[in-house]
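Trainee: Below is the structure I would like to discuss, written out as structure tokens.
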DNA sequence: CCTAAATGTAATATTTATGATTACATTTAG
DNA sequence: CTAAATGTAATCATAAATATTACATTTAGG
């Protein structure tokens, strides 16, 4: 899987952590440890889905536009990475005579479709706020 | 995800389809549409886990050594592709000051661990025989 | 009105991952 | 003894992922 899902979750958690602060792509990039262009591309997806607001020009950047308790990792996955579980390599070949070789590609695709649904369901049990809470919980003193 | 899981499933279904036939890596490779070296590597994993028997030398090859009604895609996934769901790219960096950036890699890893478990559970509902049945079921006449 | 700082986005380069090929040692039936 | 098979390492080729560069556009503020 590519890592845009990670970038989206990280960025949203960051924005939820500083909800009044306008964060630039440079700031997000250095926190996430990637480059600003990737951040802008991912943020653009999140904007199109209404999860953040964007301010262009001087002093601009990104700010949260959703309730972190309501947005789940399942939603974010669907926005950034839908279909990524499906193997792009298919065994066999539809043009072959053999019933196994000619059809198994389709059968495996169906199974991956189901896996995708089960994966989204799993991710939907976590909200942005859940992740933020894990990160800001005070640690036991040693 | 890499495609060794697909190759393993396809090969096992093929062997289950011809349970008395010794299939060479060349034969499997041409049915799966890949090269014999990959087949042998994957078959070797399956052999180590007792799912097939191998006969070296002239006239050798692979033959099923399990009950296709008992072996699930979950088991096969664990053999060939365990951990492949975990994104190898980590956002943030443990050495940074920021609590988000320094810890989110670990938190996301935990989530991927859980996803892996849920994925294996999903795959465990399908057996080799289930796949074979889908492929050999007679189609409606048109 | 100008400038500096920001996003949007395309094009390109670099790096990493995946898959294919080649080569050869080993095994074994006949 | 030979031919046909597996096991496996090394190398090559291709594809995918990520980073960089470049530049058009937007906009706050002097």
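Just so it is clear, none of the values below were taken in a lab; they were calculated from the coordinates. As the structure is a prediction and not an experimental result, all values here were calculated from the model. So basically every Cβ, Gly included, is an ideal-geometry build from the backbone, and we count neighbours across all protein chains shown.
Trainee: Evaluate E = 1/(1 + (r/R0)^6) for residue A:33 and residue A:124, where r is the Cβ-Cβ distance and R0 equals 25 Å; express this FRET efficiency to the nearest 0.05.
Mentor: 0.40
Trainee: Now, a different point. When only C-alpha pairs under 8 Å and at least 6 residues apart count, what is the relative contact order of chain A, in percent?
Mentor: Value for chain A: 27 percent.
Trainee: Using a 10 Å cut-off on Cβ to Cβ distances, tally the other chain neighbours for every residue of A:78-85 and report the average as a whole number. Please list the in-between numbers first.
Mentor: Values: counts 0, 0, 0, 1, 0, 0, 1, 4.
Mean partner shielding for this stretch: 1.
Trainee: Moving on to the next point. Could you list A:127, A:58 so that the one with the fewest beta carbons within 10 Å of its beta carbon is first and the one with the most is last?
Mentor: A:58, A:127
Trainee: Quick one: if you stick a label point 7 Å off each Cα along the C-beta vector at residue A:2 and residue A:56, how many nm between them?
Mentor: 2.3 nm
Trainee: Sticking with this structure for a sec: List the distances, in nm to one decimal, from the label point of residue A:63 to the label points of the same position in every other copy, shortest first, placing each label point 7 Å from Cα along the Cα-to-Cβ direction.
Mentor: 7.3
Trainee: Among A:101, A:23, A:115, determine the one that fluctuates most according to a GNM of chain A built with springs between C-alpha atoms less than 10 Å apart.
Mentor: A:101
Trainee: Under a 10 Å cutoff between Cα atoms, tell me which one of A:76, A:111, A:131 has the largest fluctuation in the Gaussian network model of chain A.
Mentor: With Cα springs under 10 Å in chain A, the top fluctuation among A:76, A:111, A:131 is at A:111.
Trainee: Along the Cα→Cβ direction, 7 angstrom out, place labels at residue A:44 and residue B:133. What is the inter-label distance in nm?
Mentor: 4.8 nm
Trainee: Pulled fully out, how much extra length does the chain show between residue A:106 and residue A:26, if you take 0.36 nm times their separation in residues and subtract their Cα-Cα distance?
Mentor: 24.5 nm
Trainee: Averaged over its residues, how many other protein chain Cβ atoms are within 10 Å of peptide A:27-36's Cβ atoms?
Mentor: Going residue by residue through A:27-36 and averaging, the value is 3.
Trainee: Turning to a different aspect of this structure: For the protein assembly as shown, with equal point scatterers placed on the C-alpha atoms only and solvent neglected, what are the log10 I(q)/I(0) values from the Debye formula at q = 0.09, 0.13, 0.16 1/Å, to two decimals?
Mentor: Computed log10 I(q)/I(0) values: -0.55, -0.88, -1.10.
Trainee: Once the Cα atoms of helix A:99-123 and of chain A are each reduced to a long axis, what angle between those two axes, in degrees from 0 to 90 to the nearest 10, is obtained?
Mentor: Around 20 degrees separate the two axes.
Trainee: Please order B:116, B:70, B:97 by the number of other Cβ within 10 Å, starting at the fewest. Present the calculation step by step, with values, prior to reporting the outcome.
Mentor: Numbers: B:116 19, B:70 10, B:97 6.
Ranked by crowding around the Cβ, least crowded first: B:97, B:70, B:116.
Trainee: If you take each beta carbon of peptide B:86-93 and count the beta carbons of other chains within 10 angstrom, what is the mean?
Mentor: Mean shielding by partner chains, rounded to a whole number: 6.
Trainee: If you take the Cα atoms of segment A:4-136, find Rg, then find the Kirkwood Rh from the mean of 1/r over all pairs, what is Rg/Rh?
Mentor: Radius of gyration over Kirkwood radius for segment A:4-136 works out to 1.14.
Trainee: If you rank A:66, B:98 by fewest surrounding Cβ atoms within 10 Å, what's the result?
Mentor: In increasing order of surrounding Cβ atoms, one gets B:98, A:66.
Trainee: Follow-up question, since we're still on this one. Could you pull the copy-to-copy label distances for residue B:33, with points set 7 Å along Cα to Cβ, in nm to one decimal and sorted shortest first?
Mentor: Spacings between copies for this position, smallest first, are 3.9 nm.
Trainee: Then there's this: Using the 7 Å Cα-to-Cβ label point, sort the distances from residue B:97 to its equivalents in the other copies shortest first and give them in nm to one decimal.
Mentor: 7.2
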